[in-house]
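Structure first, then comments.
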Amino acid sequence: GPDTTRGGSPSEAFHHFSGYYYEDPHIRGFSHTHLVGTGTADYGNLRVSFAPEVKLDRPPRRWWLKKLPETEHAEPGYYRVETEEGVVAEMTAAHHAAIHRYSVPRGIVLAIDPSASVDDDGIEEVDFSYTDGQLTGRVLYRGDYVGRGRSFELYFAAQIDPQPSETLVWDGEAFVPGTSGSGEETSLAMRWASDARVRIRVGTSLLSAENAARRLEGAASFEDVRSETRGLWAQELDRIQV
């Protein structure tokens, strides 16, 4: 789901414990882990972010787009929003898996940022590698909430279609051509030569890279996952009669 901001990093932690605050005018990106009701900001790991090419001089944690609030739509298992820059984002989620669909205008860069978190802190190690449309990696994370016990490892596997015309890696100081990264702050940026309809399938696991890859098998069709997830929510909520 979306992580929001008001012109940068969250300035009011109280409103951003889970990354999203409706009143914010900007979207930082769309991350794969969220907590609710913790009383402290945490998670927001593995974020997909966007920015015009002119912002390639800064890391994705400093990117944001202006959302069009009237285009926001949310329901169990589905979210959609459009931005002033022309990006159209849709996403659905299964157990430990997600499918993203994006309309990406020419001149807009898409980044997958494993070093992201709600408060831009807590990342201890990141490793990732991209080959022929496949991205795999690992994050070692100790956030404000989960770090009270111990850090956890988030393994991920992603399939990007169509493949980008160029890939860049943030090395801590600048984006450079590349397909792999490691460290506390690194990410993969992608560009397409023309307007693109991009689909990203993501699997995650707290146990192993193999488990993360297997999660992709259950996230093949966007509409199937959306329907199945809505059904699971309905099964739970139908226990309540009003």
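The values are calculated or read from the model by the stated rules, or taken from the named source; none is laboratory data. Keep in mind that this is a model prediction, so the values were computed, not measured. Counting neighbours? That spans all protein chains shown, and the Cβs are built from the backbone with ideal geometry, glycine included. Only protein heavy atoms, including side chains, enter the accessible area calculation; ligands, DNA and RNA are left aside. Shrake-Rupley method; radii C 1.70, N 1.55, O 1.52, S 1.80 Å.
Structural remarks
- Within the range 5-33, restricting attention to residues that are under 12 Å from the mean Cα position of the chain (by Cα) and either closer than 21 Å to residue 51 by Cα or among the basic types (Lys, Arg) (or both), the residue that is modelled with the lowest pLDDT is 19.
- Residue check for residue 29: buried (at least 24 other Cβ atoms within 10 Å of the Cβ) and touching a strand residue (DSSP E or B) at 6+ places or on another chain (Cβ under 7 Å): yes
- Apart from one condition, residue 82 fits all of (1) of a type outside the set (Ser, Thr, Tyr); (2) more than 25 Å from residue 210 (Cβ to Cβ); (3) out of contact with any Leu (no Cβ under 6 Å at 6 or more places or on another chain); the exception is (3).
- Near pairs, Cβ below 8 angstrom, 6+ apart or cross-chain, from the range 144-170 (without any contact (Cβ under 8 Å) to a residue 24 or more places away in the chain) to any residue that is open to solvent by 30 Å² or more (accessible area, probe 1.4 Å) and of a type in the set (S, T, N, Q): 169/179; 169/180
- Looking only at the range 117-145, and only at residues there that are among the aliphatic types (A, V, I, L, M) and modelled with pLDDT of 95 or more, the one that is nearest to residue 87 (Cα to Cα): 135
- Entry remark, the range 84-95: residues being surrounded by fewer than 19 Cβ atoms within 10 Å (Cβ to Cβ) and either assigned to a loop (DSSP other than H, G, I, E, B) or more than 15 Å from the chain's Cα centre (by Cα) (or both) number 4 in total.
- So residue 216, is it without any contact (Cβ under 8 Å) to a residue 40 or more places away in the chain and either part of a loop (DSSP other than H, G, I, E, B) or among the aliphatic types (A, V, I, L, M) (or both): no
- For the range 158-179, the condition holds for at least one residue, the condition being that it is of a type in the set (D, E, K, R), modelled with pLDDT of 95 or more and surrounded by fewer than 14 Cβ atoms within 10 Å (Cβ to Cβ).
- Scanning the range 179-189 for residues that are part of a loop (DSSP other than H, G, I, E, B) and among the hydroxyl-bearing types (Ser, Thr, Tyr), we see that the one that is nearest to residue 47 (Cα to Cα) is 187.
- Segments classed as strands (runs of 3 or more DSSP E), wholly inside the range 109-178, with at least 3 members that are farther than 26 Å from residue 34 by Cβ and out of contact with any Asp or Glu (no Cβ under 8 Å at 6 or more places or on another chain): 166-170
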